[in-house]
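The values are calculated or read from the model by the stated rules, or taken from the named source; none is laboratory data. None of the values given here were measured: they were computed from a predicted structure. Neighbour counts run over all protein chains shown; Cβ positions are idealised from the backbone, glycine included. Accessible surface is based on the protein model in full, side chains and every heavy atom, while ligands, DNA and RNA are left aside. Shrake-Rupley method; radii C 1.70, N 1.55, O 1.52, S 1.80 Å.
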Amino acid sequence: MSDYVSSLCKSVNFHLRNLRRIRRFIDQSTCAHAVRSLILSRLDYCNSLLAGISQSDVQRLQSLQNRAARLIYQADRYTPSSPLLRELHWLPVQQRIHFKVLLQVYNNFYRLSPVYLQDLIAKYNPGRRNLRSGNDNTRLAIPSTRRSAGDRSFGVIGPRLWNALPSHIRAAPNVQCFKKLLKTHLFPIE
């Protein structure tokens, strides 16, 4: 995955440099649209595959997102990026990855995705024991793995993230409501 992150960083840096060159000629709204289409689209493309990558790779991607936010507001490199990201309503990179994974799990859970993806997750069955968790019909079973690569697979990380969500989010009536509740839940409060 580090090779993919390196090539992604190279591509995003190229576009950030080019946008920085023309930034003084465009207004803030136009710059925000350009950043969304050129930078964020690349950061979001297949980012659910990045679930479980090393913290150093996440930090590399986060620094690119921070630079993009600073570019929009024409802030210098020493300006804290958290308030800028909050004002733009952008989730940090790690939460963007979790958002994508959880959205896919929601679609799988409610049978809105292809069958081959639905086969990767299974509902939690407490067996014969009478546990409190047995009453929650939105929980998923987390398969055990023997390798760290298996822990990063969709069939493991998806149910792990899903079960960590509050039950009112997991029971959202439709996709739009789920997205809204999930983004509110994942948005950092600082």
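Does Ser167 fit the bill of being open to solvent by less than 80 Å² (accessible area, probe 1.4 Å) and at pLDDT below 85?
In short, no.
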Cross-chain or 6+ apart pairs with Cβ under 7 Å, region 138-150 first and in a loop (DSSP other than H, G, I, E, B) and open to solvent by 60 Å² or more (accessible area, probe 1.4 Å), then modelled with pLDDT of 70 or more and among the aromatic types (Phe, Trp, Tyr): Arg139/Tyr124
Pairs with Cβ under 7 Å, 6+ apart, first in region 1-21 and among the polar types (S, T, N, Q), second part of a helix (DSSP H, G or I): Ser2/Asp57; Ser11/Arg42
Failed condition for Val156, given (1) over 24 Å from Gln62 (Cβ atoms); (2) modelled with pLDDT of 80 or more: (1)
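Of the residues that sit in region 83-93 and are open to solvent by less than 50 Å² (accessible area, probe 1.4 Å) and of a type outside the set (A, V, I, L, M), which one is nearest to Gly52 (Cα to Cα)?
Within region 83-93, the match that is nearest to Gly52 (Cα to Cα) is Pro92.
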Residue check for Val58: without any contact (Cβ under 8 Å) to a residue 40 or more places away in the chain, β-branched (Val, Ile, Thr) and either assigned to a helix (DSSP H, G or I) or open to solvent by 30 Å² or more (accessible area, probe 1.4 Å) (or both): yes
